[in-house]
Amino acid sequence: MVDVFDLVIFGGGGDLSRRKLLPALFAGFVAGRVSADSRIYLTSRSGLKGSVHDWLKDVFDESQPACDVSKDDLKTFSDMVSVVELGLTKGGEDWEGLKAALACEDDRPLVHFLAIPPGLFTSTCELLGQYGLNGKRARVVLEKPLGHDLASAQAINTDVGRAFGEDQTFRIDHYLGKEAVQNLLALRFSNILFEELWSGRTIDHIQITIAEDQGVQGRAGFYEGTGAMRDMVQNHLLQLLCLVAMEPPARLDADSIRDEKLKVLKSLKPLSGAEIDRNVVRAQYQSGAMHGSAVGSYAEDLELEQPSSTETFVALKAHIENWRWAGVPFYLRTGKRLPDRFAEIVIQFKPVPHAPHPNWGSNLSPNRFIIRLQPEDHLALRMMVKNHSAKSEALKEVEMNLDVTGDDVIRLGPYLRLILDAARGDQSLFVHRDEVEHAWRWVDRIIEHWDSSGEPPESYQAGTWGPYEAHDLMTRDRREWFHETSGRKVGK
Ligand code: BG6
């Protein structure tokens, strides 16, 4: 299906637009998913340097799209893109100009993508309303994080709601647009095999990790004062937790999926005081070595003059208080400057209740089901089989691997999928206002406790798996992070 739409990227010259949105749109255009009749407007306070064509060429040299950049394609795509110089805090001639540019005969969708700091969401939506750019064909896409706590998120939701209805509002979490995340839903709800085992009766615990090897260079304005809890846990990690833990929805439509995710967020056991100190680890990276080269600390990367208490690493243990998950810990972890980049969910099953052979007891490993979301989509099931090479009745652990990427799939990336969904008005992969607010409610208690304790975050050396306390979070429960057990990547 080829989509025709008008898209305005507010913050069109910014980091998100350059690194993710434009490369995704270009790849979509080359793959024939975005029609050349679509129009893309990039708003910028002071315009862009040089022609759109040359600017885009630089953008694609830096953030390579998932396709070749041929001269012809670049030329046609540049013709679809215009730049609008626009201030986002008050109206005027520039807004009249945008309104005139967006006038059109047909009822093609008009998507406003707010790739700007959340502090500008209110004024931008107000202006969109004032200039009549919020009509039936319009939708607004809000990039995360939505606010910096519950109160600011509620205020933004209410302000945006004055110009756009909930059915026109698309709160993006790009993790929900990842192919592997779609696959998680398919896997859970189209196979009786897994669903029957999916509860505390057979599952010992679940680990969800988003590890990044990158630091935070060049993101000072955003990252300092935001930190991993707001940047990654409040949204991506809690959304993955919802998809793993939710009940089967009656239908795979937006309302049913969002209702089930919301129930999970409402069932998260709130943490407070000493429970936070015990179950939530936060840390900041110090200088170290990555892939054989020396790298600087967080403070050096951001050229900070004062010490900072912003965390770049979080590991925590959470519980969901319902019948299915009572007593099953969920360990969530994310960090910058870790040794590797991957996102992975590990479902660890309970040990067998009895070893019927005396030689088995000591080398029985629990079954694990590993869902790798990136860099590759991969499923692995770890099981015990007889060890043929050993003389006695010994066992060995084997891994059944399933590469679900598919050779012929054009990997268009999450942002294109989500922009196309927004253009079509499909909210299934977007986050409802109530989900955002419940996620903040849970996370706020932790952040408030950190703020009031006055304690600095722990430290870890860049290129390591975080501070000792993250390791301890597992070992004191007699468990281990999967990478520590396996010592290697899944499927390799
Ligand atoms: C973004 C965060 O939402 O997700 C970044 O703001 C993070 O800090 C990024 O690097 C990770 O996304 P991905 O898709 O590269 O894992």
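Annotations for the structure displayed:
- Sole exception among (1) outside any helix (DSSP H, G or I); (2) charged (D, E, K, R); (3) within 12 Å of the ligand (Cβ to nearest atom) for Arg230, by number: (1)
- Checking region 412-422 against the condition returns no match, with no residue being touching a residue at least 60 places away in the same chain (Cβ under 8 Å) and surrounded by fewer than 16 Cβ atoms within 10 Å (Cβ to Cβ).
- All positions within region 102-111 that are assigned to a strand (DSSP E or B) and over 23 Å from the mean Cα position of the chain (by Cα): Leu110
- Restricting region 432-447 to residues that are among the hydrophobic types (A, V, I, L, M, F, W, C) and open to solvent by less than 10 Å² (accessible area, probe 1.4 Å) leaves a set whose member that is farthest from the chain's Cα centre (by Cα) is Ile446.
- For region 18-36, filtering for residues that are small (Gly, Ala, Ser), under 28 Å from Gly218 (Cβ atoms) and over 18 Å from the mean Cα position of the chain (by Cα) leaves 2.
- Considering residues of region 145-166 that are away from the ligand (no atom under 16 Å from the Cβ) and over 17 Å from Glu126 (Cα atoms) only, the residue surrounded by the most Cβ atoms within 10 Å (Cβ to Cβ): Leu150
- Comparison of Leu114, Leu176 shows that the only residue that is under 30 Å from Arg372 (Cβ atoms), within 20 Å of the chain's Cα centre (by Cα) and not charged (D, E, K, R) is Leu176.
- Output for region 332-373, where each listed residue is within 16 Å of the ligand (Cβ to nearest atom) and either assigned to a loop (DSSP other than H, G, I, E, B) or open to solvent by 20 Å² or more (accessible area, probe 1.4 Å) (or both): Lys336, Arg337, Leu338, Pro339, Asp340, Arg341
Yes or no, residue by residue, for (1) more than 19 Å from His112 (Cβ to Cβ); (2) in contact with a helix residue (DSSP H, G or I) (Cβ under 6 Å, 6 or more places away or on another chain):
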position	(1), (2)
Gly13	no, no
Leu22	no, yes
Leu25	no, no
Gly28	no, yes
Gln64	yes, no
Phe77	yes, yes
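- The residues of region 84-96 that are open to solvent by less than 70 Å² (accessible area, probe 1.4 Å) and either in contact with a helix residue (DSSP H, G or I) (Cβ under 9 Å, 6 or more places away or on another chain) or over 17 Å from Gly11 (Cα atoms) (or both), listed by number, are Val84, Leu86, Gly87, Leu88, Gly91, Gly92, Trp95.
- Hits in region 175-217 (condition: out of contact with any Lys or Arg (no Cβ under 8 Å at 6 or more places or on another chain), open to solvent by 10 Å² or more (accessible area, probe 1.4 Å), away from the ligand (no atom under 16 Å from the Cβ) and in contact (Cβ under 8 Å) with a residue 24 or more places away in the chain): Leu185, Leu187, Phe189, Leu197
- A Cβ distance below 6 Å, combined with a sequence gap of six or more or placement on separate chains, defines the contacts here; from region 103-127, residues that are of a type in the set (S, T, N, Q) and modelled with pLDDT of 95 or more reach residues that are open to solvent by 40 Å² or more (accessible area, probe 1.4 Å) and in a loop (DSSP other than H, G, I, E, B) in the pairs Ser123/Thr89.
The values are calculated or read from the model by the stated rules, or taken from the named source; none is laboratory data. None of these values were measured; they are calculated from a predicted model. Note that each Cβ is placed from the backbone with ideal geometry, even for glycine, and that neighbours are counted across all protein chains shown. We work out accessible area using only protein heavy atoms, side chains counted, and drop any ligands, DNA or RNA first. Shrake-Rupley method; radii C 1.70, N 1.55, O 1.52, S 1.80 Å.
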